[in-house]
Every structure is written in structure tokens, then in C-alpha cells.
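Here's the structure, in C-alpha cells; my notes come after.
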Amino acid sequence: MGKEEMKQYIGQQVEAIRSELMEISQYIFRNPEVAHTEHKACAKQVEYLKSKGYEITENPAGVDTAFVATYRNGEGTHIAVLSEYDCLPNGLDHACGHNLIAAASMGAGAAMIEAMKKFDIKGTFSVIGTPYEETDGGKIDLLKGGVFDDVDACMAVHPTTAMSRVAGECLCSCHYVIEYHGQTAHAWARPWKGKNAFDAAIMCFNAVAMMRQQTEDGVRIDYGFVEGYEQTGSVRDYVKLTLGLAAPTPMIVEDVRKKVEGCIEAGAAATGCTVEYHGEMGYKNRIPNSVLGDFFRENCVALGEPMQPGMPADSGGEDLGNVSHVIPAINPHMTILPERKISNHTVEFRNIVDSPAGEKFIMLNSKTLADTVVDLLLSPEAVQKAKEELQQRLKELYGDQVEKYVRS
């Protein structure tokens, strides 16, 4: 039985469950849940995949809004598709389109189990539910908890605008929590008796703004107040800030961190305040994989989806980057607005997610994900080449420090 017949069957299976997939997408869209609270979205997907015949592991690695749905058919390769379903805070809800990712993952799962049964495709396929991508990264906790230990390769699609592409490198990140402590005093009567923590924060921000000129191309820095910005009529004795920085490689992040920490300490020194701060590495840069990417791109083109050549880099960041350091992974960015580019995390993007363009995304990527899983399950030698490519890319990027940057 040829792969083309298998893929045609997958397409038929996906079309037959169109209404089911739209219902899942709409349910998650209408019930937005921010990071660490995705109980409804998780339960919805677990219920659906269980009804299709999957073996379900709930609460994997102690993550209560994650799941692993697995179907095994003898010995062979283990391929996973990753679902995302958390929303953004502050009323933006699903302005990153994670409801579409979840529904496409459900479509791929429903089609794959039927194809594996009908054509006796050997191997293991999983749909892994990965929550809180928008904050501290569910995939990181699942990776540390061993969920990916027996997975050979994985894929996660994401909505974008302009032309679809298999995404290449992205940024890695570091996040700081900063607390300045001063001395309170009446702002008018005796301000000279105070030590202004708010001024320390402004000094830090200004120093960082000027320091940007001495950072490499591709570095991004953002910051903001958490506490202590309210007008009180007093010299503020406490301010809490957050600061995030991102760069193409962890080596650049390490260099910028030294400069950022100088700016943090300068705010305290200039105002007589004291400061406590803690920086923690966040998402790692994505390690592209051309073996997996070529299969996915070819399947998209076969279904009529125009694709950018190669694997273009982007300035985003995501927890799949951490997984991609350990097993071959790809992150196709598939369009919901091909005619122009707009930003995710906006009301305009959210409105397009909740439109016929979102339905097209779900249907196309249910098929392309499943088609690519078929390619990989039937080509264990290709999966081995993908693993070899990963090791070569890590060696080229990190040299003799691979262990430091992969396992950290």
C-alpha cells in the first residue's frame, strides 16, 4: 500500500470530522484559560482522543493541565504532535490562536489512529498536550519530567500571517525579577529623608535603554512595573519590576546579562537604595531540522499551500526550543492571512483566528501533520538522519559546550 493512498485516506478522515474539529476549536476559543488554568481545554481534548481509542496519561510529570494520548502498533518509531491551548491575559484571550493548534492536533490524532489501523502502520504515535506556553513553558516541565524520553521526533504547528513557512531559528530568553528597597518619606514635607525606590527603577530603565546601543543585532529587551508605581504622596520605599531579554543564542544572552545586571545595580547605587534581583533562563533558541521540515513542506505543497523556501529565522521565542535541543523538532508557522503581515497577540489577529481562515488552518494542518507522521513512521532511516542533523547543528552552534547548553 503506497503512501499516497494513505494520505488520501487521511484527508478523507479529516474531512469527515470537520464539524467535530470546529466544535473543539470554538469551545476552547469561547472558554479562554490563561497559563496553569487550562482545565477545560485539557479535559475537552482528553475526552475526544479517548473516544477515538487512544491510551491516555493524565497529569504527566505532575503537570495537571497536560496529557499524553498514545497509540502503539508494534515496534517502530515514536512520533508526537504537540497541542497548545493556553490563552493570553488581559482580555486578549486567543489572540495567539492556540485553539487552532489544539484542534489541528486533534484532527491529526483522529486521522492517524484510523490510518495506522487500516494500513497496519507500525510504530507509536502520540498527541501531547502542552500547557502554559505563553508563560513559563509547559514543554520544559514535561521535558524535565521525562515525557519526551522515548519520543524520536515531534512537530507543533502555529498560526501566523503572510506566507506559510517551516520556521528556523528563534530567540532564547532570560527573565529577571527585580526589587528595589528604599526609605519612605513625605513627598512634599521632607522628601530628603527618603530613598526613592521608584527613582532607582527609572534609573535602571534609562541605563538599559542607553545600553541597547552596545548590544548585538537581534537582542530584544522589555521591562515593566509589577508593584510600586502608584501615586501615593510618599517617597516610595519599594518597587518590583520584571525585565526580559532575548537573543539568537544563549552565549549572547550571557553577555547581555552582565550588562543588564550592571544597569540594575546602577539604579540602586545612584539612589542609595538596595536591590535584590534574580535572573532565570527561559526558552531556548529553536534548533531547526531540515529532514523533518522537507517532509512537512512537501506535504503542504501537495495540498496546494504555498510555502516559503528553506527555514527562515524569526524573532519569537517558545518552549519548543528546549525540546528541539533534545530531539528533532519542527515548528511550521502556517498562515491565516496570506495577503499581509500582522502581529500575533493583537485584537486583529484574534478576530482572524475566529473566522473561516481559522477553519482552513485547522483542516489543512490536521492533514499535513498526519501526512508527515506517516512519512516518518514509514521512514525510520529518515528519522535517524534527523537525529544526526540535530547533533551536527548542536556541535556547530555550541562546539565543546554542547552538554552545557543542551542539558542546562
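Working ranking of peptides 35-46, 247-258 by packing, defined as the average number of other Cβ atoms within 10 Å per residue, highest first, is 35-46, 247-258.
Centre-to-centre, using Cα atoms only, region 45-117 and region 153-168 are separated by 17 Å. Multiplying the residue separation of GLN214 and SER315 by 0.36 nm and subtracting their alpha-carbon distance yields 34.5 nm. Based on alpha-carbon atoms, the Kirkwood radius and the radius of gyration of region 47-144 give Rg/Rh equal to 1.01. For trypsin sites (Lys or Arg not before Pro), no site in region 132-179 is both called loop by DSSP and has at most 11 other Cβ atoms within 10 Å. Quote to one decimal, in nm, the extra length available between ARG190 and MET251 on full extension: 0.36 nm per residue of separation minus the C-alpha distance between them. Gain on extension, ARG190 to MET251, equals 17.3 nm. For SER379 and GLU230, the FRET efficiency from 1/(1 + (r/R0)^6), where r spans their Cβ atoms and R0 equals 45 Å, is about 0.15. Each distinct pair of alpha carbons in the chain adds a 1/r term; the inverse of their mean, the Kirkwood radius, is 22.5 Å. When peptides 120-131, 179-190 are sorted by average Cβ neighbour count within 10 Å, with the highest value leading, the order is 120-131, 179-190. Against the chain, whose longest principal axis is taken from its Cα atoms, helix 18-30 shows a tilt of about 10°. Considering only THR77, ALA382, CYS154, the residue lying farthest towards the positive end of the dipole of the chain is CYS154, judged by Cα position with unit charges set on Cβ.
Identify all lysines with a Cα-Cα distance to LYS193 below 29 Å; exclude those on the same chain that are fewer than 8 residues away in sequence. Counting by Cα, and skipping residues close in sequence, LYS193 has these lysines nearby: LYS240. Within region 267-353, the trypsin sites (Lys or Arg not before Pro) that combine a DSSP coil assignment with at most 11 other C-beta atoms in a 10 angstrom radius are ARG340, LYS341. Normalising the average separation of contacting C-alpha pairs (under 8 angstrom, six or more residues apart) by the number of residues puts the relative contact order of the chain at 23 percent.
Rg/Rh for region 167-299 stands at 1.17; both radii use Cα atoms, and Rh follows the Kirkwood definition. Treating the Cα atoms of region 257-395 as identical point scatterers in vacuum, please give the log10 of the normalised Debye intensity I(q)/I(0) at q = 0.09, 0.21, 0.22 Å⁻¹, two decimals. For region 257-395 at q = 0.09, 0.21, 0.22 Å⁻¹, log10 I(q)/I(0) is -0.43, -1.34, -1.40.
Every number in this text was worked out from the coordinates using simple rules, so none of it is lab data. Bear in mind that the values here come from a model prediction, so they are computed numbers and not experimental data. Every residue, glycine as well, gets a Cβ built from its backbone with ideal geometry; the counts of neighbours run over all protein chains shown.
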